[in-house]
Amino acid sequence: MLKATVALLLCTASWAADITVAHAWAKATVPGQSVGAAYFSITSKQDAVLEEVQSPVAGMVMIHEMKMDKGMMQMHEVDGGLKLPAGKSIELKPGGLHIMLMELKSPLKAGERVPLTLVIKSKGKSQTVQVNADIKPLGE
């Protein structure tokens, strides 16, 4: 039984190692601001989908995209999750793909961190990846 448990844990750790998240950060917010945003680069060694993001600092978290549509900047939720093609780095950044932190429970303060739980699905299995995004001061 112990060998089976160890083998299962090693498989899970190996799968999680197929996901690389780098340069995670969020913008500081001002008191009373109810929304924030987080950004990072994510790479998967195999085709996968970032299905969901969770955070204890927000009542709701969504994967959003901003893009021009008929000369106007539009923001909308990414339907069906964010596709992660094998070996391709996807960058979440201001003005493009990003994580919306809505219904903030308190302001995001520069120098602190935002914990994020990424729910990623690949080959029919879901896995979580824990990320801590550094909060940068306003204007950076």
Revision key, fill the gap. Quick calc, the range 70-140, dipole around Cα centre from Cβ unit charges on Lys, Arg (+) and Asp, Glu (-), nearest 20 debye, gives 300 debye
Revision key, fill the gap. Among LYS105/LYS125; LYS83/LYS121; LYS27/LYS93; LYS27/LYS105, the pairs whose Cα-Cα distance exceeds 20 Å are LYS105/LYS125
Review point. Within a Cβ distance under 15 Å of LEU101, other residues only, what is the Lys/Arg minus Asp/Glu net charge?
Key: 0
Check your understanding: Each residue of the range 27-44 in turn: what ³J(HN,Hα) in whole Hz from Karplus with 6.51, -1.76, 1.60 and θ = phi - 60°, glycine and Pro shown as x?
Key -> 8, 5, 10, 9, x, x, 6, 9, 10, x, 9, 10, 9, 5, 9, 9, 9, 10
Point to revise | Cβ crowding within 10 Å averaged over residues, with 105-117, 39-51, 76-88 ranked highest first | key: 39-51, 105-117, 76-88
**Study point:** Per-selection Rg to Rh, the chain - Cα, Kirkwood hydrodynamic radius
**Key:** 1.02
Practice item. Please list, in chain and number order, the residues 5+ apart from LEU108 or on another chain whose amide H is under 5 Å from its amide H, with Hs placed from the backbone. Key: THR29
Point to revise | Helix-only [θ]222 nm of the chain, DSSP H runs n ≥ 4, -39500 (n - 2.57) each, per residue, nearest 500 | key: -3500 deg cm²/dmol
Point to revise | Estimated vicinal HN-Hα couplings, Hz - the range 116-124 in sequence order (Karplus 6.51, -1.76, 1.60; Gly, Pro = x) | key: 10, 10, 8, 9, 10, 10, 8, 6, x
Practice item. Place +1 on the Cβ of every Lys and Arg and -1 on the Cβ of every Asp and Glu in the chain, take the dipole about the Cα centre, and give the residue among ALA110, VAL49, HIS98 whose Cα lies farthest towards its positive end. Key: VAL49
Check your understanding: With θ set to phi - 60° and the Karplus curve 6.51 cos²θ - 1.76 cosθ + 1.60, what are the ³J(HN,Hα) couplings of the range 98-115 in order, to the nearest whole Hz, using x for Gly and Pro?
Key -> 6, 9, 8, 9, 10, 6, 4, 7, 6, x, 8, 9, 3, x, 8, 10, 10, x
Check your understanding: What does the charge dipole of the chain about its Cα centre add up to, to the nearest 20 debye, if the Cβ of each Lys and Arg holds +1 and the Cβ of each Asp and Glu holds -1?
Key -> 280 debye
Review point. Using Cα atoms only, what is the angle between the long axis of helix 2-16 and the major principal axis of the chain, expressed in degrees (0 to 90) to the nearest 10?
Key: 40 degrees
Check your understanding: Along the charge dipole of the chain, Cβ charges K/R +1 and D/E -1, which of ALA38, VAL131, GLY71 sits furthest on the positive end?
Key -> VAL131
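Taken together, the values in this text are just the output of simple stated rules run on the coordinates, not laboratory data. Computed from a predicted structure; not experimentally measured. Glycine gets a Cβ as well: all are built from the backbone with ideal geometry, and neighbour counts include every protein chain shown.
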